[in-house]
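Beneath this line is the structure, given in C-alpha coordinates, with notes to follow.
The values are calculated or read from the model by the stated rules, or taken from the named source; none is laboratory data. If you're wondering where the values come from, they're calculated on a predicted model, not measured in any experiment. Cβ placement follows ideal geometry from the backbone for every residue including glycine, while neighbour counts extend to all protein chains displayed.
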Amino acid sequence: MANTIAIKRRIGSVKNTRQITKAMELVAASRMRKAQEAAQRSRAYSQIARELLTSLSNITEVSEHSLFKKRTIKARLLVVITSDRGMAGAYNSNALRAYLAELKADKSAGVKSYTIAIGQKAAQLVSRLPQTEVVGVYKHLPEDLQVHDLQPLIREAAKMFTDETVDKVDVIYTHFYSSINQQPNVLHLLPAGFAETEISAQLNLAEFEPSVEHVLGSAAKKLIDCQLWQAMLESVASEQSMRMMAMKSATDNATDLVDDLTLAFNNIRQASITQELAEITGGAEALND
(Lines give C-alpha, C1' and ligand atoms only; values in the text may rest on other atoms or scores of the structure.)
Protein backbone atom coordinates (compact mmCIF):
# COMPACT_ATOMS: atom_id res chain seq x y z
CA MET A 1 0.00 0.00 0.00
CA ALA A 2 2.89 2.32 0.86
CA ASN A 3 4.40 1.74 -2.60
CA THR A 4 1.16 2.67 -4.37
CA ILE A 5 0.86 5.91 -2.37
CA ALA A 6 4.45 6.90 -3.25
CA ILE A 7 3.91 6.11 -6.92
CA LYS A 8 0.66 8.13 -7.01
CA ARG A 9 2.48 11.11 -5.53
CA ARG A 10 5.28 10.70 -8.06
CA ILE A 11 2.78 10.56 -10.93
CA GLY A 12 1.14 13.78 -9.70
CA SER A 13 4.51 15.50 -9.40
CA VAL A 14 5.59 14.48 -12.91
CA LYS A 15 2.25 15.62 -14.36
CA ASN A 16 2.69 19.04 -12.74
CA THR A 17 6.20 19.27 -14.19
CA ARG A 18 4.85 18.29 -17.61
CA GLN A 19 2.33 21.14 -17.48
CA ILE A 20 5.13 23.61 -16.77
CA THR A 21 7.44 22.34 -19.54
CA LYS A 22 4.53 22.29 -22.01
CA ALA A 23 3.72 25.92 -21.19
CA MET A 24 7.39 26.87 -21.58
CA GLU A 25 7.48 25.05 -24.92
CA LEU A 26 4.50 27.05 -26.21
CA VAL A 27 5.98 30.35 -25.00
CA ALA A 28 9.35 29.56 -26.62
CA ALA A 29 7.62 28.60 -29.88
CA SER A 30 5.80 31.95 -29.98
CA ARG A 31 8.98 33.89 -29.24
CA MET A 32 10.94 31.84 -31.77
CA ARG A 33 8.55 32.77 -34.56
CA LYS A 34 8.88 36.47 -33.75
CA ALA A 35 12.68 36.25 -33.45
CA GLN A 36 12.94 34.28 -36.69
CA GLU A 37 10.88 36.85 -38.56
CA ALA A 38 13.01 39.68 -37.15
CA ALA A 39 16.26 37.94 -38.16
CA GLN A 40 15.00 37.32 -41.69
CA ARG A 41 13.77 40.91 -42.12
CA SER A 42 17.11 42.44 -41.14
CA ARG A 43 19.06 40.26 -43.58
CA ALA A 44 17.80 42.50 -46.42
CA TYR A 45 19.32 45.53 -44.63
CA SER A 46 22.67 43.74 -44.40
CA GLN A 47 22.53 43.04 -48.13
CA ILE A 48 21.92 46.74 -48.90
CA ALA A 49 24.86 47.70 -46.65
CA ARG A 50 27.15 45.34 -48.56
CA GLU A 51 25.95 46.76 -51.88
CA LEU A 52 26.64 50.30 -50.66
CA LEU A 53 30.16 49.46 -49.51
CA THR A 54 30.89 47.64 -52.75
CA SER A 55 29.83 50.74 -54.65
CA LEU A 56 31.94 53.01 -52.45
CA SER A 57 34.99 50.74 -52.79
CA ASN A 58 34.83 51.23 -56.56
CA ILE A 59 35.07 55.00 -56.07
CA THR A 60 37.61 55.39 -53.25
CA GLU A 61 40.18 53.37 -51.32
CA VAL A 62 38.10 51.81 -48.54
CA SER A 63 41.12 50.41 -46.68
CA GLU A 64 42.32 53.95 -45.82
CA HIS A 65 39.37 54.48 -43.48
CA SER A 66 40.22 53.99 -39.78
CA LEU A 67 37.60 51.26 -39.27
CA PHE A 68 38.85 49.28 -42.29
CA LYS A 69 42.60 49.36 -41.58
CA LYS A 70 44.19 45.95 -41.16
CA ARG A 71 47.08 45.59 -38.72
CA THR A 72 49.24 42.80 -37.36
CA ILE A 73 47.13 41.14 -34.69
CA LYS A 74 48.73 41.57 -31.26
CA ALA A 75 45.50 41.89 -29.28
CA ARG A 76 41.92 40.82 -29.99
CA LEU A 77 38.54 41.67 -28.50
CA LEU A 78 36.03 38.82 -28.32
CA VAL A 79 32.31 39.56 -27.91
CA VAL A 80 30.53 36.39 -26.78
CA ILE A 81 26.72 36.20 -26.90
CA THR A 82 24.79 33.89 -24.57
CA SER A 83 21.49 34.07 -22.68
CA ASP A 84 20.62 35.12 -19.15
CA ARG A 85 18.72 31.90 -18.49
CA GLY A 86 19.35 28.21 -18.91
CA MET A 87 16.94 25.45 -19.94
CA ALA A 88 17.80 26.06 -23.60
CA GLY A 89 19.46 22.77 -24.47
CA ALA A 90 23.05 23.14 -25.66
CA TYR A 91 22.64 26.79 -26.72
CA ASN A 92 24.89 28.33 -24.06
CA SER A 93 27.38 25.49 -23.84
CA ASN A 94 27.94 25.48 -27.63
CA ALA A 95 28.59 29.24 -27.74
CA LEU A 96 30.92 29.10 -24.73
CA ARG A 97 32.78 26.12 -26.17
CA ALA A 98 33.41 28.11 -29.37
CA TYR A 99 34.54 31.09 -27.26
CA LEU A 100 37.01 28.95 -25.29
CA ALA A 101 38.40 27.60 -28.56
CA GLU A 102 39.07 31.18 -29.72
CA LEU A 103 40.78 31.98 -26.41
CA LYS A 104 42.98 28.92 -26.81
CA ALA A 105 43.88 29.99 -30.36
CA ASP A 106 44.86 33.47 -29.10
CA LYS A 107 47.04 31.99 -26.37
CA SER A 108 48.78 29.71 -28.87
CA ALA A 109 49.43 32.65 -31.21
CA GLY A 110 50.66 34.93 -28.42
CA VAL A 111 47.72 37.31 -28.87
CA LYS A 112 46.38 39.23 -25.84
CA SER A 113 42.65 38.63 -25.32
CA TYR A 114 39.95 41.03 -24.19
CA THR A 115 36.32 40.03 -23.70
CA ILE A 116 32.88 41.62 -23.70
CA ALA A 117 30.27 39.20 -22.31
CA ILE A 118 26.60 39.40 -23.30
CA GLY A 119 24.28 37.35 -21.11
CA GLN A 120 24.45 35.98 -17.57
CA LYS A 121 25.93 32.64 -18.65
CA ALA A 122 28.88 34.26 -20.44
CA ALA A 123 29.42 36.63 -17.51
CA GLN A 124 29.64 33.73 -15.07
CA LEU A 125 32.29 32.00 -17.19
CA VAL A 126 34.55 34.95 -18.08
CA SER A 127 34.70 36.09 -14.45
CA ARG A 128 36.62 32.89 -13.67
CA LEU A 129 39.05 33.00 -16.61
CA PRO A 130 42.55 34.35 -15.92
CA GLN A 131 43.65 34.34 -19.58
CA THR A 132 41.39 37.21 -20.70
CA GLU A 133 40.70 40.77 -19.55
CA VAL A 134 36.97 41.53 -19.22
CA VAL A 135 36.17 45.05 -20.46
CA GLY A 136 32.37 44.86 -20.40
CA VAL A 137 29.42 42.76 -19.24
CA TYR A 138 25.85 43.19 -20.54
CA LYS A 139 23.14 41.25 -18.71
CA HIS A 140 19.36 41.30 -18.63
CA LEU A 141 18.93 43.10 -21.95
CA PRO A 142 15.28 43.97 -22.76
CA GLU A 143 13.22 41.39 -24.62
CA ASP A 144 12.26 43.98 -27.25
CA LEU A 145 15.92 44.71 -27.92
CA GLN A 146 16.64 47.65 -30.22
CA VAL A 147 19.81 48.73 -32.00
CA HIS A 148 20.30 51.69 -29.66
CA ASP A 149 20.54 49.25 -26.72
CA LEU A 150 23.80 47.97 -28.25
CA GLN A 151 25.37 51.39 -28.86
CA PRO A 152 27.50 51.44 -25.67
CA LEU A 153 28.97 48.07 -26.66
CA ILE A 154 29.58 49.17 -30.26
CA ARG A 155 31.22 52.43 -29.17
CA GLU A 156 33.53 50.56 -26.77
CA ALA A 157 34.57 48.05 -29.43
CA ALA A 158 35.16 50.75 -32.06
CA LYS A 159 37.15 52.90 -29.61
CA MET A 160 39.39 50.00 -28.62
CA PHE A 161 40.06 49.32 -32.31
CA THR A 162 40.70 52.91 -33.42
CA ASP A 163 42.89 53.53 -30.34
CA GLU A 164 44.86 50.42 -31.35
CA THR A 165 44.24 48.77 -27.99
CA VAL A 166 43.10 45.79 -30.07
CA ASP A 167 43.79 44.96 -33.69
CA LYS A 168 40.72 42.82 -34.29
CA VAL A 169 37.18 42.43 -32.95
CA ASP A 170 35.28 39.15 -33.35
CA VAL A 171 31.79 38.15 -32.24
CA ILE A 172 30.92 34.60 -31.14
CA TYR A 173 27.22 34.00 -31.64
CA THR A 174 24.81 31.23 -32.66
CA HIS A 175 23.53 31.39 -36.23
CA PHE A 176 19.93 30.41 -36.84
CA TYR A 177 19.60 28.19 -39.92
CA SER A 178 16.29 26.52 -39.08
CA SER A 179 14.24 25.48 -36.07
CA ILE A 180 16.30 22.28 -35.83
CA ASN A 181 19.70 23.59 -36.93
CA GLN A 182 21.63 26.29 -35.06
CA GLN A 183 25.41 26.50 -35.10
CA PRO A 184 27.94 28.67 -33.21
CA ASN A 185 29.72 31.05 -35.54
CA VAL A 186 32.52 33.64 -35.42
CA LEU A 187 31.72 37.02 -37.03
CA HIS A 188 34.68 39.28 -37.91
CA LEU A 189 33.43 42.72 -36.87
CA LEU A 190 36.58 44.88 -37.04
CA PRO A 191 38.47 45.76 -39.10
CA ALA A 192 35.25 46.33 -40.99
CA GLY A 193 34.97 44.08 -43.98
CA PHE A 194 32.37 43.02 -46.46
CA ALA A 195 31.87 40.45 -49.18
CA GLU A 196 31.62 42.23 -52.50
CA THR A 197 28.27 41.69 -54.15
CA GLU A 198 26.31 42.76 -57.21
CA ILE A 199 25.10 46.35 -57.05
CA SER A 200 21.45 47.06 -57.77
CA ALA A 201 20.66 49.35 -60.71
CA GLN A 202 19.18 52.02 -58.43
CA LEU A 203 22.36 52.27 -56.36
CA ASN A 204 24.52 52.62 -59.49
CA LEU A 205 22.74 55.89 -60.21
CA ALA A 206 23.17 57.27 -56.67
CA GLU A 207 25.04 60.48 -55.91
CA PHE A 208 26.92 60.74 -52.60
CA GLU A 209 26.69 63.95 -50.59
CA PRO A 210 28.38 65.81 -49.01
CA SER A 211 31.31 63.59 -50.06
CA VAL A 212 32.20 59.97 -50.72
CA GLU A 213 34.50 59.94 -47.67
CA HIS A 214 31.75 61.24 -45.39
CA VAL A 215 29.28 58.66 -46.67
CA LEU A 216 31.93 55.93 -46.30
CA GLY A 217 32.45 56.79 -42.62
CA SER A 218 28.72 56.74 -41.95
CA ALA A 219 28.25 53.52 -43.94
CA ALA A 220 31.08 51.81 -42.05
CA LYS A 221 29.43 52.60 -38.71
CA LYS A 222 26.06 51.41 -39.99
CA LEU A 223 27.68 48.21 -41.26
CA ILE A 224 29.11 47.50 -37.81
CA ASP A 225 25.74 48.28 -36.22
CA CYS A 226 23.81 45.98 -38.52
CA GLN A 227 26.35 43.14 -38.28
CA LEU A 228 26.24 43.06 -34.47
CA TRP A 229 22.47 43.57 -34.51
CA GLN A 230 22.09 40.67 -36.92
CA ALA A 231 24.26 38.46 -34.69
CA MET A 232 22.02 39.32 -31.73
CA LEU A 233 18.84 38.51 -33.69
CA GLU A 234 20.29 35.21 -34.89
CA SER A 235 21.28 34.35 -31.32
CA VAL A 236 17.85 35.17 -29.90
CA ALA A 237 16.13 33.07 -32.58
CA SER A 238 18.54 30.20 -31.88
CA GLU A 239 18.01 30.46 -28.12
CA GLN A 240 14.23 30.33 -28.37
CA SER A 241 14.35 27.49 -30.89
CA MET A 242 16.66 25.39 -28.73
CA ARG A 243 14.58 26.19 -25.63
CA MET A 244 11.44 25.07 -27.48
CA MET A 245 13.10 21.80 -28.49
CA ALA A 246 14.46 21.24 -24.97
CA MET A 247 11.04 21.82 -23.40
CA LYS A 248 9.38 19.55 -25.98
CA SER A 249 11.87 16.82 -25.13
CA ALA A 250 11.24 17.35 -21.41
CA THR A 251 7.47 17.16 -21.97
CA ASP A 252 7.79 13.96 -23.99
CA ASN A 253 10.05 12.43 -21.34
CA ALA A 254 7.55 13.37 -18.63
CA THR A 255 4.75 11.68 -20.61
CA ASP A 256 6.83 8.52 -20.95
CA LEU A 257 7.63 8.58 -17.23
CA VAL A 258 3.95 8.96 -16.32
CA ASP A 259 3.13 5.96 -18.52
CA ASP A 260 5.87 3.87 -16.86
CA LEU A 261 4.78 4.89 -13.36
CA THR A 262 1.14 4.18 -14.18
CA LEU A 263 2.10 0.72 -15.42
CA ALA A 264 4.11 0.07 -12.24
CA PHE A 265 1.19 1.32 -10.13
CA ASN A 266 -1.26 -0.99 -11.93
CA ASN A 267 1.09 -3.97 -11.56
CA ILE A 268 1.44 -3.41 -7.81
CA ARG A 269 -2.28 -2.90 -7.46
CA GLN A 270 -3.02 -6.04 -9.47
CA ALA A 271 -0.57 -8.05 -7.38
CA SER A 272 -2.20 -6.74 -4.22
CA ILE A 273 -5.68 -7.72 -5.45
CA THR A 274 -4.44 -11.15 -6.49
CA GLN A 275 -2.88 -11.67 -3.07
CA GLU A 276 -6.09 -10.63 -1.30
CA LEU A 277 -8.15 -13.01 -3.44
CA ALA A 278 -5.73 -15.81 -2.65
CA GLU A 279 -6.01 -15.09 1.07
CA ILE A 280 -9.83 -15.03 0.88
CA THR A 281 -9.88 -18.30 -1.05
CA GLY A 282 -7.48 -19.90 1.39
CA GLY A 283 -9.58 -18.78 4.34
CA ALA A 284 -12.78 -20.14 2.77
CA GLU A 285 -11.17 -23.52 2.17
CA ALA A 286 -9.91 -23.63 5.75
CA LEU A 287 -13.47 -23.04 7.04
CA ASN A 288 -14.84 -25.83 4.83
CA ASP A 289 -12.29 -28.22 6.24
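Structure above, values below:
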{"quantity": "One residue from A28, A44 being assigned to a helix (DSSP H, G or I), on the phi < 0 side of the Ramachandran plot, at pLDDT below 80 and surrounded by 14 or more Cβ atoms within 10 Å (Cβ to Cβ)", "calculated": "A28"}
{"quantity": "Residue within region 161-170 that is part of a helix (DSSP H, G or I), out of contact with any Gly (no Cβ under 9 Å at 6 or more places or on another chain) and modelled with pLDDT of 80 or more present", "calculated": "yes"}
{"quantity": "Failed item, numbered, when P130 is tested on (1) part of a loop (DSSP other than H, G, I, E, B); (2) surrounded by 14 or more Cβ atoms within 10 Å (Cβ to Cβ); (3) of a type outside the set (A, V, I, L, M, F, W, C)", "calculated": "(2)"}
{"quantity": "Any hit, region 86-99, residues being aliphatic (A, V, I, L, M) and over 17 Å from the mean Cα position of the chain (by Cα)", "calculated": "no"}
{"quantity": "Any chance T21 is more than 23 Å from D144 (Cα to Cα), polar (S, T, N, Q) and either surrounded by 17 or more Cβ atoms within 10 Å (Cβ to Cβ) or under 20 Å from the mean Cα position of the chain (by Cα) (or both)", "calculated": "yes"}
{"quantity": "Filter result for E143 (under 16 Å from the mean Cα position of the chain (by Cα) and surrounded by fewer than 17 Cβ atoms within 10 Å (Cβ to Cβ))", "calculated": "yes"}
{"quantity": "Test for T262: is it over 30 Å from N92 (Cβ atoms), in contact with a helix residue (DSSP H, G or I) (Cβ under 7 Å, 6 or more places away or on another chain), part of a helix (DSSP H, G or I) and modelled with pLDDT of 80 or more", "calculated": "yes"}
{"quantity": "Within region 147-164, tally of residues that are over 22 Å from K121 (Cβ atoms) and loosely packed, with under 14 Cβ neighbours inside 10 Å", "calculated": "7"}
{"quantity": "Given (1) touching a Lys or Arg at 6+ places or on another chain (Cβ under 8 Å); (2) at pLDDT 90 or above; (3) within 27 Å of E239 (Cβ to Cβ), number of the condition T115 does not satisfy", "calculated": "(1)"}
{"quantity": "Failed condition for A101, given (1) over 15 Å from V171 (Cβ atoms); (2) modelled with pLDDT of 90 or more", "calculated": "(1)"}
{"quantity": "Flag if T174 is surrounded by 13 or more Cβ atoms within 10 Å (Cβ to Cβ) and touching a Pro at 6+ places or on another chain (Cβ under 8 Å)", "calculated": "yes"}
